Amino acid sequence: MPQIHYNAWEVEIGDSLHRFLADQLPQGRNLRVSGLERCGGGASRETWAFDLHWQEDGGEREGRYILRRDPPVSLLETGLTTDRRHEFTVVRAVHGLGLPVPRMHWLDADGSYFGRPALIMERMSGQPTPPAFPASEDPKLRETVAHQFVDILARVHTAGWQSLGLTWVMEPPGPEQEAARRQVDLWQAVYEKDRLERHAIIEEAFLWLRTHLPSTNRIVLVHGDFRTGNYLYDETGITAFLDWELAHLGDPMEDLGWACMRFWSGQGLAGGLLPEEELFRLYEERSGIPVDRERVFFYKVLGNVKMAAIALSGVRAFCQGQALDVTYALVGFMVPRLCADIAEQIGL
Amino acid sequence: MRPDIGDILAGVQRIMTQEIVPALPPGYLREKAMYTLFLLEHCRARWHLAPAYLRDENAALHHTLQRLLEVARDDLPAGLAAEIEEFSPADADSPVPALQEENLRLREQMSRVRDAADSAPPRVRERVRKEIAAFARKQLEREREWVKVGEVVW
């Protein structure tokens with residue numbers, strides 16, 4: 001059981017955790033959770049770190065874990081994010097490719113233990129980054145991280161989703177404009193559902209997106225949130241790529257557009273890592289997939305709109321008292337900057 | 001009037017900064033407390049500007065809607081055109097909730113005009129888009145100024 005209780009949620013989570021783990025490890029004896037600690041950072045899930053010690057088959061076992069539970073109201077509730085089995089299955093499949101992602105251990109898909117859906121995964125080493133890689137870091141480390149960043153993306157896109165067993169959690173889009181249209185439909189639906197007021201620039205952007213839908217017949221596994229800020233790193237480079245809840249099948253240019261958005265660039269570098277053209281060159285070299293700059297541009301516009309829709313979902317949750325998290329209010333302050341980028345991009 | 005809202009917010013910030021935050025263990029709760037301070041600073045710097053901000057925004061919306069009516073009256077549903085025409089702005093000394101209500105209604109009307117213009121002749125549609133774009137650029141300037149204290153930048 002947790003050793004330090006300093007408020008009610010820790011007691012609640014500690015008790016649920018103990019019951020859940022006892023059922024997941026029926027052969028385990030003397031299960032002991034220690035170091036249970038709520039983590040800050042990401043706003044889309046409640047996150048706790050803990051250590052687990054137990055005995056099994058006459059030996060001592062231990063592990064370092066992360067528990068992620070849905071908040072009372074998710075920052076965004078899209079078809080992609082409401083079913084925790086989605087993220088669990090995708091990350092397991094990607095782990096099988098040998099990519100640096102956490103090993104998924106246990107899932108409480110219906111929230112019968114934790115009150116809300118939750119999953120437990122391996123706790124990986126490394127520190128998080130802000131949304132742009134810190135300018136203060138050693139340039140050699142930046143270069144290493146940049147190359148790994150592109151390598152991981154190329155490997156995800158060339159993985160061959162058909163063989164990953166993902167079709168039961170994600171449906172491939174149809175040919176031509178369907179991949180782009182599906183994303184525009186998704187984020188427009190989020191905007192319409194969650195906005196508390198109308199935003200002229202965002203609505204102009206949806207009109208622009210619908211008249212500029214690009215075509216692709218190359219469908220890949222798209223991470224959906226592939227950017228600096230969603231990986232851990234140490235002095236050796238990237239140790240873990242996280243936050244796969246928006247993964248879906250779509251256009252590979254979507255991840256490139258998102259990763260290269262000005263919103264998380266630093267010192268004029270994509271993600272604070274490397275110049276955009278250099279990123280494209282490396283990506284083509286590693287993946288063999290040609291970069292179509294027009295499609296990337298479309299997905300940059302969509303990226304700004306998507307980020308604004310996510311922020312407005314947070315604002316709604318905050319204003320209606322569904323989220324006990326001031327971060328949800330602060331993300332609303334990002335919207336004007338996103339809109340400034342959109343206005344420039346679509347020539348408003 | 002003293003302590004006024006600004007005095008109170010500044011005082012709460014001092015208590016949080018000097019007593020509450022240092023007493024919290026490093027980690028999640030301290031991080032949330034710091035974000036809360038950030039929001040309080042935004043409120044302290046902006047609370048007294050809210051009525052003027054809303055009045056400016058509503059006046060710009062009203063002006064743009066009148067222009068849109070001139071441009072696209074024949075292509076708007078009769079009910080919407082009448083709504084825009086008959087709209088009477090809130091008094092200058094209206095309380096903030098009334099100004100907010102008016103703002104929501106005007107924004108809604110503008111979106112409805114744009115939707116209706118989608119099926120209008122190209123020339124009308126183009127002029128409607130231009131009017132809305134001009135409004136949106138000004139609105140963006142106001143919004144960027146509004147979030148200057150509190151904007152998340154990295």
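General remarks:
- The single condition among (1) of a type in the set (D, E, K, R); (2) over 14 Å from B:Glu57 (Cα atoms); (3) at the interface with chain A (Cβ under 8 Å from one of its Cβ atoms) that B:Arg123 does not satisfy is (3).
Conditions (1) out of contact with any Phe, Trp or Tyr (no Cβ under 8 Å at 6 or more places or on another chain); (2) at pLDDT below 95, marked per residue:
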| site | (1), (2) |
| --- | --- |
| A:Gly96 | yes, yes |
| A:Pro102 | yes, no |
| A:His105 | no, no |
| A:Arg116 | yes, yes |
| A:Ile120 | no, no |
| A:Arg123 | no, no |
| A:Gly126 | no, no |
| A:Pro130 | no, yes |
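- Options A:Asp225, A:Asp194, A:Asp185, A:Asp234: the member that is of a type outside the set (Phe, Trp, Tyr) and in contact with a strand residue (DSSP E or B) (Cβ under 8 Å, 6 or more places away or on another chain): A:Asp234
- Here the range A:328-348 is the region considered, the condition is being hydrophobic (A, V, I, L, M, F, W, C) and more than 8 Å from every other protein chain (Cβ to nearest Cβ), and the residue that is farthest from B:Met34 (Cα to Cα) is A:Ile346.
- Enumeration of residues in the range B:69-107 that are closer than 17 Å to B:Glu131 by Cβ and loosely packed, with under 13 Cβ neighbours inside 10 Å: B:Glu70, B:Asp74, B:Glu85
- No other residue among A:Leu232, A:Leu209, A:Leu213, A:Leu221 is at pLDDT 95 or above and touching a Lys or Arg at 6+ places or on another chain (Cβ under 8 Å) apart from A:Leu213.
- Among all residues of the range A:141-164, there is at least one that is at pLDDT 95 or above, assigned by TED's automatic domain parsing to the domain that holds A:Glu276 and touching a His at 6+ places or on another chain (Cβ under 7 Å).
- When residues of the range A:234-255 are limited to those that are part of a helix (DSSP H, G or I) and charged (D, E, K, R), the one farthest from A:Phe149 (Cα to Cα): A:Glu254
- For the range B:1-113, the helices (runs of 4 or more DSSP H) that sit wholly inside it and include 1 or more residues that are basic (Lys, Arg) are B:5-15, B:28-46, B:50-72.
- Test: residue in the range A:254-274 that is among the acidic types (Asp, Glu), crowded, with 24+ Cβ neighbours inside 10 Å, within 30 Å of A:Gly96 (Cβ to Cβ) and more than 14 Å from chain B (Cβ to nearest Cβ): yes
- The lone exception for A:Ala311 - which of (1) crowded, with 20+ Cβ neighbours inside 10 Å; (2) touching a residue at least 40 places away in the same chain (Cβ under 8 Å) it fails: (2)
- Within the range B:14-61, tally of residues that are within 11 Å of another protein chain (Cβ to nearest Cβ) and more than 30 Å from B:Asp91 (Cβ to Cβ): 17
- Against the conditions (1) at pLDDT 95 or above; (2) farther than 19 Å from A:Asp251 by Cβ; (3) under 23 Å from the mean Cα position of the chain (by Cα); (4) not hydrophobic (A, V, I, L, M, F, W, C), A:Glu197 satisfies every one except (3).
- So A:Asp325, is it in a loop (DSSP other than H, G, I, E, B), within 14 Å of another protein chain (Cβ to nearest Cβ) and modelled with pLDDT under 95: yes
- Residue match in the range A:127-137 (condition: under 23 Å from A:Arg262 (Cα atoms) and without any contact (Cβ under 8 Å) to a residue 40 or more places away in the chain): yes
- Failed item in (1) surrounded by 21 or more Cβ atoms within 10 Å (Cβ to Cβ); (2) over 23 Å from the mean Cα position of the chain (by Cα), with A:Trp187 passing the rest: (2)
- Matching option when the condition is under 28 Å from A:Val33 (Cβ atoms), in a strand (DSSP E or B) and modelled with pLDDT under 95, among A:Arg68, A:Arg85: A:Arg68
- The listed residues are A:Ser16, A:Ser34, and the only one of them that is surrounded by 13 or more Cβ atoms within 10 Å (Cβ to Cβ), farther than 14 Å from A:Ala118 by Cβ and polar (S, T, N, Q) turns out to be A:Ser34.
The values are calculated or read from the model by the stated rules, or taken from the named source; none is laboratory data. Quick caveat, the model's predicted, so the values are computed rather than measured. Note that each Cβ is placed from the backbone with ideal geometry, even for glycine, and that neighbours are counted across all protein chains shown.
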